[in-house]
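So the structure is just underneath, and the comments pick up after that.
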Amino acid sequence: MTVANMITLGRIALIPIFMYSAISEGARGNIVALCLFAIASFSDAIDGYVARRFNQITDFGKLVDPLADKLLVMSALLILLEQGQLRAWHCVVILAREFTVSSLRSIAASKGVVLAASKWGKLKTTSQLICILYMLAGFNDIPLFGDFTLKHILVWVMLILTVYSGYDYLRRNFNLIKDGVVKGD
């Protein structure tokens with residue numbers, strides 16, 4: 001097992017501890033949850049760097065790293081939904097995008113094509129992490145104009161980038177699915 005893959009598995013192992021901390025009563029649980037989420041999020045950049053720098057890119061890593069990212073983000077979104085900080089439709093939009101892109105990646109892989117992460121996908125992930133960290137931090141929300149707050153802007157940016165990055169993956173790779181039939185060689 002490579003170091004990069006061990007870091008990825010460590011990120012997955014942090015998820016239940018993060019979730020337990022997030023649902024624990026009191027400020028201590030919130031601080032621990034925030035720190036665990038930040039560490040797990042940062043570990044994604046570290047495992048990617050280690051994999052590229054030390055030539056540790058593996059099929060296992062290609063499969064598990066994006067899964068770890070999705071599990072981490074979705075667990076945080078569900079905690080925030082339970083806390084009343086997000087609405088169910090926010091989570092459904094994000095889930096729909098993730099299922100769509102993952103399905104497209106599976107189809108591409110069955111045809112021997114690897115879909116690399118796009119700049120829009122990376123922006124989407126960054127916006128999700130910033131939004132989640134802001135909400136987990138429990139800051140008093142900052143009113144910007146009227147009833148519109150910083151949290152509203154962060155959520156809308158996250159949702160817009162989520163939808164657009166999904167659209168971008170489909171637009172750029174529609175040729176993989178447009179005929180509806182997987183052709184044999």
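Kindly indicate the residue of segment 130-157 that is among the aromatic types (Phe, Trp, Tyr) and loosely packed, with under 15 Cβ neighbours inside 10 Å and also farthest from VAL32 (Cα to Cα) among those meeting that condition.
First, the residues of segment 130-157 that are among the aromatic types (Phe, Trp, Tyr): 134, 139, 145, 148, 156.
Next, from what is left, pick out any that are loosely packed, with under 15 Cβ neighbours inside 10 Å: 139, 145, 148, 156.
Working: PHE139: 15, PHE145: 32, PHE148: 29, TRP156: 26 Å.
Residue satisfying both the conditions and the ranking: PHE145.
Name the pairs: first residue in segment 77-103 and closer than 21 Å to THR149 by Cα and without any contact (Cβ under 8 Å) to a residue 24 or more places away in the chain, second residue open to solvent by less than 20 Å² (accessible area, probe 1.4 Å) and assigned to a helix (DSSP H, G or I), Cβ to Cβ under 6 Å, at least 6 apart or on different chains?
These pairs meet every condition: LEU81/CYS91; CYS91/LEU77.
In segment 116-174, which residues are among the polar types (S, T, N, Q) and part of a helix (DSSP H, G or I)? Before you say what the answer is, go through the steps one by one.
Kept after step one, since they are among the polar types (S, T, N, Q), are these residues of segment 116-174: 118, 125-128, 140, 149, 162, 165, 173.
Passing the criteria: THR125, THR126, SER127, GLN128, THR162, SER165, ASN173.
The values are calculated or read from the model by the stated rules, or taken from the named source; none is laboratory data. Treat the numbers as computed from the prediction; the structure is a model and nothing was measured. Neighbour counts run over all protein chains shown; Cβ positions are idealised from the backbone, glycine included. Please note that ligands, DNA and RNA were not included when accessible areas were found on the heavy atoms of the full protein model with its side chains. Shrake-Rupley method; radii C 1.70, N 1.55, O 1.52, S 1.80 Å.
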